[in-house]
Amino acid sequence: MDEEQVTLSETGSSGNPNAIPRTAEVEGLQVTVPEKKKVAMLFQPALLRCHFSTSSTQPAVVQWRYKSYCQDRMGEALGMVTSGLQTMSKRNLDWDPYLDCVDSRRTVRVVASKQGSAITIGDFYKERDVSIVHDADLQIGKLMWGDSGLYYCLIITPDDVEGKNEESVELLVLGETV
């Protein structure tokens, strides 16, 4: 990148009338999810949306990954969170004890992948009604208790490696109350 591009990029939103607007300077892969958190009912279908834009002329690979909570979210829902976790969470507002931990401390698995029109379902989901629809949305037919967690939409393009290639949505599955 030459010096002029760096200057334009750095001043894109500075109010300089000669600067390139921020929306015009964003090139490369951009992945977004419209809902950061989705609450859905047990045994009902769910659609997790993912949008992406790319300057690539090659077909993108879409992959959805599941990551379990770091610890059981139901304890919080029932008011049984330990005071130590509440204290640590209040000290660091960006840290979430349910979402922020290393992958080795939770379950991580591939839900589904799509390249062109070919869709591959991960081993754990082969007996389930799971698919990638539209360009990159994950459709789950019947939600189960174990489906609560983080779902990552990952987009891979061979010739567009700049930008943001993944985004996550939290899915919380609730049962009916009697």
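The values are calculated or read from the model by the stated rules, or taken from the named source; none is laboratory data. Computed from a predicted model, the values in this text were never measured in an experiment. Counting neighbours? That spans all protein chains shown, and the Cβs are built from the backbone with ideal geometry, glycine included. The area values use the complete protein model at the heavy-atom level, side chains included, leaving out ligands, DNA and RNA. Shrake-Rupley method; radii C 1.70, N 1.55, O 1.52, S 1.80 Å.
For (1) at pLDDT below 95; (2) basic (K, R); (3) within 26 Å of T32 (Cβ to Cβ), each residue gets a yes or a no:
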site	(1), (2), (3)
V102	yes, no, yes
V110	no, no, yes
D123	no, no, no
V133	no, no, yes
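Residues of segment 37-53 being closer than 30 Å to T157 by Cα and in a loop (DSSP other than H, G, I, E, B), which ones?
The initial filter retains those residues of segment 37-53 that are closer than 30 Å to T157 by Cα, namely 37-38, 45-53.
Once the filter is applied, which keeps residues that are closer than 30 Å to T157 by Cα and in a loop (DSSP other than H, G, I, E, B), segment 37-53 yields P45, R49, C50.
Restricting attention to segment 159-178, and to residues there that are over 16 Å from the mean Cα position of the chain (by Cα) and open to solvent by less than 70 Å² (accessible area, probe 1.4 Å), which single residue is farthest from V108 (Cα to Cα)?
As a first pass, look at segment 159-178 and keep what is over 16 Å from the mean Cα position of the chain (by Cα): 159-162, 173-178.
Among the residues that remain, those that are also open to solvent by less than 70 Å² (accessible area, probe 1.4 Å) are: 160, 173-175.
Details: D160: 26, V173: 18, L174: 21, G175: 23 Å.
Among them, the one singled out is D160.
Kindly evaluate L143 against the criterion of being surrounded by 12 or more Cβ atoms within 10 Å (Cβ to Cβ), within 19 Å of H51 (Cβ to Cβ) and at pLDDT 95 or above.
Numbers: surrounded by 12 or more Cβ atoms within 10 Å (Cβ to Cβ): yes; within 19 Å of H51 (Cβ to Cβ): no; at pLDDT 95 or above: yes.
Judged against the criteria, L143 is not a match.
Could you tell me which numbered condition G149 fails, if it satisfies all but one of (1) open to solvent by less than 60 Å² (accessible area, probe 1.4 Å); (2) of a type outside the set (D, E, K, R); (3) touching a Pro at 6+ places or on another chain (Cβ under 9 Å)?
So the condition that G149 fails would be (3).
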